[in-house]
Amino acid sequence: MKSGEFPLSRLWWWTLTPSNEMDKKTHQRLVSIAMKWYEQIREGAIPSISMPTRTKQNIAFDDESEVWKYGDKESVRSAATAKSALHLLKMSYVIWFLKAQLIEKRSSTLRELYYISEGWKRAKFSAQDESNFLIEDLEILTDLQREAFHLRPEEDGATIFGPLRIREMTRRGDRAIHCQDDVGEAGYQIPSNVENIELLEHDADFVIAIETGGMYARLIENGFDQDHRAILVHLKGQPARSTRRMLHRINEEFGLPVLVFTDGDPWSYRIYASVAYGAIKSAHMSELLATPRAQFIGVQPTDIRDYNLPSDTLTEKDVAALQSELSDPRFASDYWKSQIDLQLKLNLKSEQQAFAARGLDFVTQEYLPRRLTEMGIL
Amino acid sequence: MHYPRCAVTTLAEDLARQQRSISVAEFFEKNKHLLGFDSPTRGIITTIKEAVDNALDACEEATVLPDVFVLIKKMESDVFRIVVEDNGPGIVPEQVPFVFGKLLYGSRFHQIRQSRGQQGIGISAAVLYAQLTTGIPTIVISRTGPDQKAYRFLLQINIKTNEPEVLEKEEIAWDRTHGTRVQIEFKSTMAAKKRLLEYLKYTSVVNPHARIRVELDDETYLFERVSDEAIACPQAIKPHPHGIEIGQLMRMLAASEESCGDFLVENFTRVGKKTADEMCRKAEISPGSPASSLTPVQQKRLLQAMQEVKVPAPPTLACLSPIGEDLIAKGLEKEFQMDFVKARTRASSVYSGHPFLVEAAIGYGGKLPPDGNAQILRFANRVPLLYQQGACAITGCIAGVSWKAYNVSQSTLPTGPLLILIHVASTNVPFTSESKDAVAAIPEIEREITLVLQELGRELKTYLSRRDKNRLQEDRARAVCAIIPELAAKVAEIVDLPVPDIAPIEGKIMRKVVVKRYTREGKVILEGRNYTSHPAEFSVYDISPDNGQGASMEPAIVTELDGEFTKMWKLTLPPGDVWTAEYTGTGGGTLEVRGIPPEQVVVVDIDSQ
């Protein structure tokens, strides 16, 4: 778009600035990126940005915060090459769009952003991955979460059920919600922007984050939340950012222990690791998203053996995943080493719902109480 | 089965009556295809080919720069007159009838050196062909020097005796001081006109010292020379013991008056007394016995011994005349427009006692057809080979090279905008047949061809990858050039400040001359900036439906073609300077910059990006 093409709309923006404090901060940080380029151009310098290199090689475990963060490696993107120039151009379009969105008090999903870019000619995204990645770049550059840009992820929020009262700032005003009394069978749906929630009070001793919907429903149906004063969170597989942020906040603000209950296979252990230590894609937000004190309940390889759970043999990929976990610093503890070694020896894996082989109540009546006692929670 | 005795005798006698020797001329009349006269279409090419070959050979022998004139004129519906005239040394009058009117008569048949014609059947075969199709005698004019008279002959061949028949011989005045002119008329068609011109073009490529003028009915073509150096005539050498055959040896022995030892030393190259003695010992012949007295069995033993004894390879340089890398490249550049040409002349080598060498060139890009098989130009002793490409060892070698390794696609033959020239020069080019269309598959020659192709392939690969890299760089530069202004505009919009000037950045990135065109609010704006450290002189060609009237800087030239206006500005931009021109219009079309090497300029048509 050429300058001067939309004089009216520009005038309109000029008169409007975001009202909300958070939006003001976001606005200011986004515009400052553009301002830096503007200055560079005016000084005859080739516009560029520098940011941490976002590759596996540049992810390091931060001992102090016990989460995964980007290392010191920085890469500079300079408009001297066509590829980087295009990247900067796309980024400038996104900033321009987000600025407008903040002023207009509107929001959009990542998917919508991708489609909006259709009209940006040269600057349009070729795939959604590209726009998602660019938004993550902006998060790093502004040190803000994408929710601050009024961008929502596509995925449904996970649900939460248990003795917890929160207040959510919705479009139709503030709502105080009790996550047992005020919600339906499935629980309270965590919104994409967890920052809009205020945690009011709880009547719980711990939080259990559950991988599968089946097990989550089983615990609700069996009244586990009431019997054991537990907050139940459905992870829905690899947990969304909002889910991880929610767990982090409950852990942080209420000091409640967070326990992760998944299937007994290498992929599920990684779900636990991302709750506890963070993921590569969001390493720049690990401090906000990870819950380093989260503990793993099971299913443990020892459980497969001790309870003689129905199981499948490990595939080649499972074995390779387990082996790579043996060298993964996130699993570098005696506990994980002995569990993984045992699993490789057993050559078996089990799902969490395999406990049903011993009756529908076994998991709530026997397994979890025994495990929680072992772990010193009960 | 029983026949009466007398009947058998009669049959044998009958047969005996029918058996008689046939003359060479008669033989060739029945085997025209062996000489390249198998069809009327081909006959015309073969005739011109033979006459031009002779003309070039003659000039070479006299060390003059060849000026060859070729005329082809349609006389009646299917009768064509062919005239080939050269400025060679001419032919003495006594010899003219034999040169043109006797098959297998020639000066080069017994010589061992590189020459175009060899057997002396070419041009007389054409005379014979004319005689057979139209009955019109051949006219030959020849003059051997300024103080000699020119003679005009009317010639025919006596088919039975293979002897020339002179129908007329007269002294005439001729404007050439020396040279030969032959005029032949025979039945043919011009169906192969394209091929004929191709032949002349290819001939001109490998004979860069020759000027060939062609009149084809009313059209004229000129293949100009690019080299003013007459090529040195290759010298004849004695035969090499490894390259001799029994018939030739017997003939030589019979004519010799020397002892066997002296015979070997005197008549063969690279044979000294020691080698001759060794050969005689091996053949169990006394070196002192007279060479002419050897029995057929001894002759065979001697031949065997000559092959077996180790003899150094024959001298190759004097008897071969390579075109040379420079002249091949020049010759190709003159006739083909290509982006890349590279030629190689291999060191000379020997097969079965015959010296030979291989030269080759590869051309790429330019106006060569972008698809299909590579164009293959085959030459033997500077003569283009036009037929039987598939049967030729040269083609086989080209197909045998793995072209993909050199970034050239291949389906049997390499494909793409590619031209491959191969010249095999030898004292005895091994052809697959007498029509001399295809080189026979001799391992030593094939090896040299393959090696030279591989050498050139590597050169081509280097060129192609450098070209791709340059192209990539240019694409990049152009992209950057187009993106930066947009980025500047967008950033200015975000921060709500005026759009900054991007010229300094562009210059930093490009260090070239940047010419841009874009439309804004009904105006077409052209902009040139010199970011180099030298003054730049160039022309901008803006071709679009806009007529460019009222341009802020008047174009030097405006021309119209089919509603498209070509507007041309001639510019000289000092380093750091900016030029702009603006006119009312809608843009479109194309933008070109000429007069400046492409690597020093970036042309950006912003609207079309």
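The values are calculated or read from the model by the stated rules, or taken from the named source; none is laboratory data. Being a predicted model, the structure only gives us computed values, none of them experimental. In this analysis, Cβ positions are derived from the backbone assuming ideal geometry, glycine residues included, and neighbour counts consider all displayed protein chains. With ligands, DNA and RNA removed, areas are computed over all heavy atoms of the protein, side chains included. Shrake-Rupley method; radii C 1.70, N 1.55, O 1.52, S 1.80 Å.
Consider residue B:326 carefully, then state whether it is surrounded by fewer than 16 Cβ atoms within 10 Å (Cβ to Cβ), in contact (Cβ under 8 Å) with a residue 60 or more places away in the chain, farther than 30 Å from residue B:281 by Cα and among the charged types (D, E, K, R).
For residue B:326, the condition - surrounded by fewer than 16 Cβ atoms within 10 Å (Cβ to Cβ), in contact (Cβ under 8 Å) with a residue 60 or more places away in the chain, farther than 30 Å from residue B:281 by Cα and among the charged types (D, E, K, R) - is not met.
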Residue A:177 vs. criteria touching a His at 6+ places or on another chain (Cβ under 9 Å), more than 30 Å from residue A:355 (Cα to Cα) and not acidic (Asp, Glu): no
Conditions (1) within 24 Å of residue B:193 (Cα to Cα); (2) touching a Ser or Thr at 6+ places or on another chain (Cβ under 6 Å); number of the one not met by residue B:421: (2)
Hits in region B:356-379 (condition: hydrophobic (A, V, I, L, M, F, W, C), without any contact (Cβ under 8 Å) to a residue 60 or more places away in the chain and crowded, with 24+ Cβ neighbours inside 10 Å): none
Residue among A:135, A:140, A:116 that is away from chain B (no Cβ under 14 Å), more than 28 Å from residue A:246 (Cβ to Cβ) and part of a helix (DSSP H, G or I): A:116
Residue under evaluation residue A:266, criteria (1) closer than 13 Å to residue A:208 by Cβ; (2) in contact (Cβ under 8 Å) with a residue 40 or more places away in the chain, criterion not met: (1)
Helices (runs of 4 or more DSSP H) (entirely within region B:159-275) containing at least 2 residues that are aromatic (Phe, Trp, Tyr): B:193-206
Extreme residue, surrounded by the fewest Cβ atoms within 10 Å (Cβ to Cβ), among residues of region B:481-500 that are assigned to a loop (DSSP other than H, G, I, E, B) and not β-branched (Val, Ile, Thr): B:498
Residue in region A:276-295 that is outside any loop (DSSP other than H, G, I, E, B), touching a Pro at 6+ places or on another chain (Cβ under 8 Å), crowded, with 16+ Cβ neighbours inside 10 Å and modelled with pLDDT under 90 present: yes
Filter pass, residue B:465 being more than 11 Å from chain A (Cβ to nearest Cβ), farther than 25 Å from residue B:586 by Cα and not in a helix (DSSP H, G or I): no
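With B:454, B:473 as the choices, which residue is out of contact with any helix residue (DSSP H, G or I) (no Cβ under 7 Å at 6 or more places or on another chain), open to solvent by 50 Å² or more (accessible area, probe 1.4 Å) and modelled with pLDDT under 80?
Just one listed residue meets the conditions, B:473.
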Matching entry among A:177, A:160, A:140, A:166 (being among the hydrophobic types (A, V, I, L, M, F, W, C), closer than 23 Å to residue A:280 by Cα and either in contact with a helix residue (DSSP H, G or I) (Cβ under 8 Å, 6 or more places away or on another chain) or at pLDDT 85 or above (or both)): A:140
Residues being in a helix (DSSP H, G or I), closer than 20 Å to residue A:189 by Cα and among the hydrophobic types (A, V, I, L, M, F, W, C) - total across region A:214-270: 9
Among the candidates B:531, B:518, residue that is without any contact (Cβ under 8 Å) to a residue 60 or more places away in the chain, of a type in the set (Phe, Trp, Tyr), under 30 Å from residue A:35 (Cβ atoms) and within 14 Å of another protein chain (Cβ to nearest Cβ): B:531
Qualifying residue in region A:95-108 (condition: within 14 Å of chain B (Cβ to nearest Cβ) and aromatic (Phe, Trp, Tyr)): yes
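For (1) open to solvent by less than 10 Å² (accessible area, probe 1.4 Å); (2) more than 30 Å from residue A:332 (Cβ to Cβ); (3) in contact (Cβ under 8 Å) with a residue 24 or more places away in the chain; (4) more than 14 Å from chain B (Cβ to nearest Cβ), each residue gets a yes or a no:
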residue	(1), (2), (3), (4)
A:24	no, yes, no, yes
A:29	no, yes, yes, no
A:50	no, yes, yes, yes
A:65	no, no, yes, yes
From B:479, B:503, B:536, B:488, residue being of a type in the set (Gly, Ala, Ser) and more than 10 Å from chain A (Cβ to nearest Cβ): B:536
Odd one out for residue B:581 among (1) under 16 Å from residue B:545 (Cβ atoms); (2) among the aliphatic types (A, V, I, L, M); (3) open to solvent by less than 40 Å² (accessible area, probe 1.4 Å): (1)
When residues of region A:310-353 are limited to those that are among the β-branched types (Val, Ile, Thr) and in a helix (DSSP H, G or I), the one least open to solvent (accessible area, probe 1.4 Å): A:340
Residues being in a helix (DSSP H, G or I), crowded, with 19+ Cβ neighbours inside 10 Å and touching a residue at least 60 places away in the same chain (Cβ under 8 Å) - total across region B:298-320: 1
